[in-house]
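Here is the structure we will look at.
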Amino acid sequence: MKAIAPTPYQATVLSVPEHWNLLMAGGRGGGKSTGALLLVLRHVEKYGEQARPLIIRETHKAITELEAQLDGFLTVAYGKGVRHNRAEHTFRLPNGAIVECGQLDGPNAYKKYQGRSFTLLVVDEFGLLADRRWVDLLKSNLRAQEGVPLREVRTANPGGPLHALIHQNFIARQLAWHPYEVDGEVWVNCPSTLIDNPHLDHEDYKRRLKAACGNDEDLFRAWINGDWNIARGAFFAGSLDEKVHMLPVAWPHPLTKAWRSFLAMDWGSSAPSVTYVCVKAPGDIGGFPPNSLILLDELATVDPNDPNLGLHWPPGKLAEGILEMCGRWGCNTYGVGDDAAGLQETLLQVLQQYGVDFQRPQKQRVAGWATMRQLLHNAKERNGQPGMWISARCRYFWQTVPFLQRDPSRPEDIITTGPDHAGDAARYAAMELMSATGMSTRRGGPQYFHPAFGMIGGYQPPQHYRNESLID
């Protein structure tokens with residue numbers, strides 16, 4: 001086998017003990033994918049006919065590009081002895097090792113790997129996968145004879161649908177290059193930035209990255225610096241700030257009728273369901289401007305290890321959980337929530353039978369996100385206009401909403417493949433506040449709040465608020 005020289009970063013990656021899994025997560029252009037291929041190259045050379053690496057990416061085009069790069073490496077290393085079957089995306093090496101490249105974008109793609117064994121699993125651009133469950137299922141395919149270490153290697157850049165999951169389960173767990181445990185397995189974070197790649201024209205690469213980010217300066221800095229915290233607020237950049245908008249767990253004010261309470265729910269079964277206790281500030285308590293929105297508490301039926309996976313609660317159990325939360329606060333048990341089909345009765349009808357009365361929310365996405373941004377902006381600027389604050393009790397909100405990413409094809413919207421469930425429930429609350437306070441919308445999004453809130457002539461409170469409306 002001919003020698004292939006790794007960069008200093010890639011050499012450090014290669015020095016990590018083989019029985020530890022690797023998360024190569026950092027900035028763009030740091031040589032992570034190439035480093036992963038070098039791990040494959042060493043694995044097949046070391047374990048010969050027992051080696052069965054599998055390299056996956058989400059799309060066929062992406063894996064084809066990586067396959068071409070691997071072809072070049074293997075040709076340099078083994079010469080004409082490499083047999084590359086492009087139809088099956090496999091490489092058969094002179095020493096008996098077999099390397100396979102494949103697409104993994106859902107259940108149909110996963111079926112190709114069921115019942116088969118692999119010794120090394122490389123998931124390139126893990127953060128771009130819409131659903132990580134298929135990767136989790138693939139882990140059961142890691143099987144080998146004694147003496148061959150089983151290993152998973154993931155590469156990822158800040159941003160993308162799984163940004164929140166990667167940050168929570170990996171980045172925030174441990175310092176770089178220190179081993180830590182996740183679900184009984186040992187992992188090591190191996191970050192890099194473009195500075196770690198001597199083969200790049202750094203200035204030219206920065207210009208191309210900036211163009212790819214458009215006006216999203218936070219995402220650009222994250223890709224350059226490999227900082228997963230900088231990417232927080234990629235959509236709400238400049239608006240959402242934990243130091244400003246996060247309220248402490250302890251709420252010092254009795255929840256009297258002056259705090260007009262209501263609920264906001266985003267339904268999910270296989271996806272999380274999120275319900276907030278929301279209040280409209282009266283204006284003379286707590287220093288909040290009148291008509292401000294506060295999310296006091298949260299019921300989120302979310303898998304603790306996957307922010308995009310729900311707990312499959314049936315409507316009855318969800319209603320019981322909501323009523324229990326409302327009982328703790330003594331708040332109203334009505335509000336807004338999205339409906340669901342497929343039941344004998346609609347979801348809202350079922351919940352109503354348990355005493356939870358939801359009406360369908362205003363679901364305009366762009367207008368809703370713009371409303372949230374304006375409320376958050378007002379709170380940050382302390383301009384006396386209604387703002388928005390979120391209690392630290394709302395853990396799922398703070399786990400996911402700061403990480404929500406823009407839709408590349410529609411920058412004024414959020415990408416829907418990420419964990420946007422808490423964001424959706426908060427958006428419904430903001431839109432309900434807007435409706436109940438007379439905030440107007442026009443084509444292009446909501447306008448600034450009218451200073452007289454609730455005193456706009458002809459406005460009538462929504463009927464479903466019965467004896468208490470959000471407006472005095």
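The values are calculated or read from the model by the stated rules, or taken from the named source; none is laboratory data. Treat the numbers as computed from the prediction; the structure is a model and nothing was measured. Cβ placement follows ideal geometry from the backbone for every residue including glycine, while neighbour counts extend to all protein chains displayed. These area figures cover heavy atoms from the full protein model, side chains too; ligands, DNA and RNA do not enter into them. Shrake-Rupley method; radii C 1.70, N 1.55, O 1.52, S 1.80 Å.
Legend: residue pairs Lys80/Lys112; Lys32/Lys139; Lys46/Lys112, Cα-Cα distance threshold 23 Å; pairs beyond threshold, Lys80/Lys112; Lys46/Lys112. For segment 1-71, what mean projected area does the convex hull of the alpha carbons give, in nm²? For segment 1-71, averaging the hull's shadow over all directions gives 5.6 nm². Against the set (1) 4, 19, 26, 21, 15, 10, 4, 1, 0; (2) 4, 20, 30, 25, 15, 5, 1, 0; (3) 5, 22, 32, 24, 12, 5, 1, 0, the structure's computed P(r) over Cα pairs in 10 Å bins from 0, in percent falls on (1). Once the convex hull of all Cα atoms in segment 15-111 is built, its volume per residue stands at 126 Å³.
Model label points for Leu137 and Ser270, set 7 angstrom from Cα along the Cα-to-Cβ axis, are 1.0 nm apart. Restriction of the trypsin sites (Lys or Arg not before Pro) in segment 219-278 to DSSP coil positions whose beta-carbon has at most 16 other beta-carbons within 10 angstrom yields Lys257. Between Thr346 and His253, the contour length at 0.36 nm per residue exceeds the alpha carbon distance by 29.9 nm.
Taking the accessible area of the chain, probe 1.4 Å, and keeping the other protein chains in place, the carbon and sulfur fraction comes to 50%.
Under the combined filter of DSSP loop state and at most 15 neighbouring Cβ atoms within 10 Å, segment 167-206 retains these chymotrypsin sites (Phe, Trp or Tyr not before Pro): Trp177. Phi angles of segment 309-318 translate, via the Karplus equation with coefficients 6.51, -1.76, 1.60 and θ = phi - 60°, into HN-Hα couplings of 10, x, 9, 6, 5, x, x, x, 5, 4 Hz per residue; Gly and Pro are given as x. Annotation note: trypsin sites (Lys or Arg not before Pro) in segment 93-151 located in DSSP loop regions with a Cβ neighbour count of at most 15 within 10 Å are Arg116, Arg143.
Of all DSSP bridge pairs formed entirely within the chain, close to 50 percent run antiparallel.
Probing with 1.4 Å while keeping every protein chain in the model, the per residue accessible area of the chain equals 44 Å².
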